[in-house]
Amino acid sequence: MHEGRTLPLNIVTGRRTLSEDESKKLLAPLGARFPRETVVDDSDAAVRAAEAIGFPVVAKLIGERLAHKSERGLVRLGLGDAAAVRQACELLLAQRRNEDGDVRLLIAEQIAGSRELIVGMVRDPQFGATLLIGAGGVTAEVLADSQARPLPLGANDLDNMLDSLAVANVFGEFRGQRAMDRATLAKTVQAVARLAEARPDIASIDLNPVIVTTRGEPIAVDALVELGESGATSRNVAAQTDLPSAAHHFTPRHSDTNMRSLFDPRGVV
């Protein structure tokens with residue numbers, strides 16, 4: 001058993017996809033960087049949350065059956081005051097369908113930045129857990145600019161993956177914006193790697209987009225964790241497990257295999 005912090009795991013058995021907030025709750029304690037945000041049930045609470053966070057904010061309708069919110073128009077950006085938040089949240093709640101199941105509202109600080117990445121993990125029967133980094137956002141599928149390596153990563157794998165992207169120059173100093181803080185991105189990557197090892201029933205992890213601010217801070221504004229069919233239906237996961245230390249995931253390993261075909265980025269989830 002590896003040393004590391006203890007992570008509660010009793011959120012997620014018995015179903016296929018986790019909601020956005022549940023996905024983030026698994027990754028945030030491990031070092032993944034997310035915006036300040038609050039989950040609420042109605043527009044009144046949404047306004048209070050937005051005032052506490054500070055305008056502008058983003059409002060989303062979230063739930064375990066809402067994996068692709070942007071495609072449904074369930075994300076509202078740039079809400080600059082209480083009236084805008086209230087109106088947006090009432091419209092979002094009105095868009096709920098019966099098949100959506102239980103839904104809630106997520107209110108988050110608006111993260112500004114024109115540079116976007118996708119960070120993900122997929123578990124394959126042949127290759128095991130594999131990490132993906134690529135150009136992110138709604139153009140992820142169109143650009144098909146990504147790099148994949150099996151986990152655990154070697155000491156230089158993350159830098160090599162970033163430098164191998166066709167859009168690599170965008171994440172350096174670019175048009176007056178600071179270069180991306182790779183150390184901060186590494187913490188998010190480590191969180192994905194640690195969760196993948198601690199939870200073999202997790203089939204995939206998708207952080208898209210990871211927005212790089214003008215100050216160079218990479219912040220994941222959306223997250224989706226999916227369970228494997230066997231893990232979701234038959235595995236009785238204990239309430240807690242010990243997670244390996246981050247250093248465990250960044251030990252040398254042969255990792256030059258190109259497994260890009262394993263991944264099908266979903267765009268913004």
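Those residues that are in a helix (DSSP H, G or I), of a type in the set (G, A, S) and at pLDDT below 95, I need them from the range 67-98; list them, please.
First, the residues of the range 67-98 that are in a helix (DSSP H, G or I): 70-72, 82-94, 98.
With of a type in the set (G, A, S) added as a condition, the list becomes 70, 82-84, 88, 94.
Within the range 67-98, S70 is the sole residue that qualifies.
Can you tell me which residues in the range 40-66 are small (G, A, S) and at pLDDT below 95? Correct list: G63 only.
Just checking, does the range 109-119 include any residue being assigned to a loop (DSSP other than H, G, I, E, B), at negative phi, exposed (fewer than 14 other Cβ atoms within 10 Å of the Cβ) and in contact with a Ser or Thr (Cβ under 7 Å, 6 or more places away or on another chain)? Yes, there is a match, as at least one residue in the range 109-119 is assigned to a loop (DSSP other than H, G, I, E, B), at negative phi, exposed (fewer than 14 other Cβ atoms within 10 Å of the Cβ) and in contact with a Ser or Thr (Cβ under 7 Å, 6 or more places away or on another chain). Considering each residue of the range 140-155 in turn, none proves to be part of a loop (DSSP other than H, G, I, E, B), surrounded by fewer than 20 Cβ atoms within 10 Å (Cβ to Cβ), charged (D, E, K, R) and in contact with an Asp or Glu (Cβ under 9 Å, 6 or more places away or on another chain). Applying the condition of being at pLDDT 95 or above and within 10 Å of G120 (Cα to Cα) to the range 197-213 and asking which residue is surrounded by the fewest Cβ atoms within 10 Å (Cβ to Cβ) yields S204.
Listed by first and then second residue, the pairs with beta-carbon distance under 9 Å, at least 6 apart or on different chains, first residue in the range 97-110 and small (G, A, S), second assigned to a strand (DSSP E or B), are A108/E37; A108/T38; A108/V57; A108/V58; A108/A59; A108/K60.
The values are calculated or read from the model by the stated rules, or taken from the named source; none is laboratory data. The model shown is predicted, which means the values in this text are computed figures rather than measured ones. Virtual Cβ from ideal backbone geometry, glycine too; neighbours counted across all protein chains shown.
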